[in-house]
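The values are calculated or read from the model by the stated rules, or taken from the named source; none is laboratory data. None of these values were measured; they are calculated from a predicted model. Cβ coordinates were reconstructed from backbone atoms using ideal geometry, including for glycine residues, and neighbour counts include every protein chain displayed.
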Ligand SMILES: [Zn+2]
């Protein structure tokens, strides 16, 4: 399965994957999913939001156990983010059948559409629509860089956008959702473990900092006479690093625009975007408050105006404690495998669904922690350990 997927949407120039939602590469991934389902005699369907499902047993019976992830990628993404969870789902099902396990609950495998949001700028569109966390009107307004709307892109790919909308009946049939995912950090590498269980997705926000000064000539304006917003911006970047280190959190200024953006001009405006995440709300508040306070002091010191606006915020997502404990209990039977419980700073479909469905995640070790890059990697024996752990979990939850 892995070898079949490897060439799909791979750029020969970068070695990365370009599997944006509703493109040709995405269609090839979807065809692969359907073929895998049909080859195993599973009932295949796409839902009203374009997510793909494969069923063993009748989901109408309810209390289904579902596993899976996504097959789309960020621009020049890695091979593992998403596909590892879908391939592992089919492989775990094969493992269960090999063990002769008998199902007591319907078992589903899902590929959620447009998880990365690479094309339309919003992540987890498929799961958000299904959970009602994104309205149809909002979805209709999503537009890609070429001006193509989401409904148009779906239609071009052969799907009916007229059916978009919340799908509570479908979610009500699911008793547990378990998503396996490559770790997007180095916690497992540092602890020396192959597989981990997710505790929570860290709260996460984005803030825009506008430093407004005075444009002037870079050659003739005395240093003492300047109102240079670049200086207060630069000091704020360093403060963000300092505050994040103190709090054990992360804070990043990764995007900036400058006006007038001339080599020989003191800037009039420096606009920088802060992305910050921490293990809990109190930690995130501490970091961001500290950065804002420092930024205001630096702005004042340089005679620069500062406006700060929060552009987005996602509160902490705590995965279902009972399901998490159940996974730990099932995996704890294997005395060879130590399975730590760890948080993550990255968003997932599992996080979106966790409001509506008992949800858990398994992470597979990523030795460099690199993700959203062609260098993203997991060793084959760690991936096999992930499949085995997922099979154990599915057997424990859904079989006699
Ligand atoms: Zn992912």
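Kindly evaluate residue 266 against the criterion of being more than 29 Å from residue 340 (Cβ to Cβ) and either modelled with pLDDT of 95 or more or surrounded by fewer than 17 Cβ atoms within 10 Å (Cβ to Cβ) (or both).
In short, yes.
For the range 135-146, check the following and say yes or no: at least one residue is closer than 22 Å to residue 342 by Cα and outside any strand (DSSP E or B).
Taking every residue of the range 135-146 in turn, none turns out to be closer than 22 Å to residue 342 by Cα and outside any strand (DSSP E or B).
Could you run through the range 213-222 and say how many residues are surrounded by fewer than 18 Cβ atoms within 10 Å (Cβ to Cβ) and either touching a helix residue (DSSP H, G or I) at 6+ places or on another chain (Cβ under 9 Å) or assigned to a helix (DSSP H, G or I) (or both)?
Adding up the residues that qualify gives 2.
Residue under question is residue 315, and the condition is that it be away from the ligand (no atom under 16 Å from the Cβ) and either crowded, with 17+ Cβ neighbours inside 10 Å or more than 30 Å from residue 135 (Cβ to Cβ) (or both); does it hold?
For residue 315, the condition - away from the ligand (no atom under 16 Å from the Cβ) and either crowded, with 17+ Cβ neighbours inside 10 Å or more than 30 Å from residue 135 (Cβ to Cβ) (or both) - is not met.
Here are some residues: 58, 63, 47, 94. Which one is at pLDDT 95 or above, closer than 22 Å to residue 363 by Cβ, away from the ligand (no atom under 16 Å from the Cβ) and surrounded by fewer than 19 Cβ atoms within 10 Å (Cβ to Cβ)? Lay out the reasoning, then the answer.
Values: 58 fails: closer than 22 Å to residue 363 by Cβ; 63 fails: closer than 22 Å to residue 363 by Cβ; 47 fails: closer than 22 Å to residue 363 by Cβ.
Exactly one residue qualifies, and that residue is 94.
Go through the residues of the range 355-370 one by one and say whether even a single one is within 16 Å of the ligand (Cβ to nearest atom) and surrounded by fewer than 20 Cβ atoms within 10 Å (Cβ to Cβ). Even if it seems obvious, please write down each step before you answer.
Going through the range 355-370, the residues within 16 Å of the ligand (Cβ to nearest atom) turn out to be 359-366, 369-370.
Retained after the next criterion (residues that are surrounded by fewer than 20 Cβ atoms within 10 Å (Cβ to Cβ)): 369-370.
Yes, the range 355-370 contains a residue that is within 16 Å of the ligand (Cβ to nearest atom) and surrounded by fewer than 20 Cβ atoms within 10 Å (Cβ to Cβ).
Going by the structure shown, is residue 71 more than 16 Å from the ligand (Cβ to nearest atom), surrounded by 20 or more Cβ atoms within 10 Å (Cβ to Cβ), modelled with pLDDT of 95 or more and at negative phi?
Details: more than 16 Å from the ligand (Cβ to nearest atom): no; surrounded by 20 or more Cβ atoms within 10 Å (Cβ to Cβ): yes; modelled with pLDDT of 95 or more: yes; at negative phi: yes.
Criteria not met by residue 71.
Quickly run through the range 159-188 and pick out the residues that are within 16 Å of the ligand (Cβ to nearest atom) and surrounded by fewer than 23 Cβ atoms within 10 Å (Cβ to Cβ).
Answer for the range 159-188, where residues must be within 16 Å of the ligand (Cβ to nearest atom) and surrounded by fewer than 23 Cβ atoms within 10 Å (Cβ to Cβ): 184, 185.
For residues that are surrounded by 24 or more Cβ atoms within 10 Å (Cβ to Cβ) and more than 16 Å from the ligand (Cβ to nearest atom), scanning just the range 198-212, find the one that is nearest to residue 108 (Cα to Cα).
Only one residue tops the list, namely 209.
Looking at 347, 386, 343, 351 in this structure, which one is on the phi < 0 side of the Ramachandran plot, part of a loop (DSSP other than H, G, I, E, B) and crowded, with 19+ Cβ neighbours inside 10 Å?
Residue meeting the stated conditions: 347.
What do you reckon, is residue 87 closer than 17 Å to residue 177 by Cα and within 16 Å of the ligand (Cβ to nearest atom)?
Numbers: closer than 17 Å to residue 177 by Cα: yes; within 16 Å of the ligand (Cβ to nearest atom): yes.
It is true that residue 87 is closer than 17 Å to residue 177 by Cα and within 16 Å of the ligand (Cβ to nearest atom).
Tally time: how many residues in the range 109-123 are within 13 Å of the ligand (Cβ to nearest atom) and modelled with pLDDT under 95?
Within the range 109-123, residues that are within 13 Å of the ligand (Cβ to nearest atom) and modelled with pLDDT under 95 number 4.
Please enumerate the residues belonging to the range 147-175 that are in a strand (DSSP E or B) and in contact (Cβ under 8 Å) with a residue 60 or more places away in the chain.
Correct list: 174, 175.
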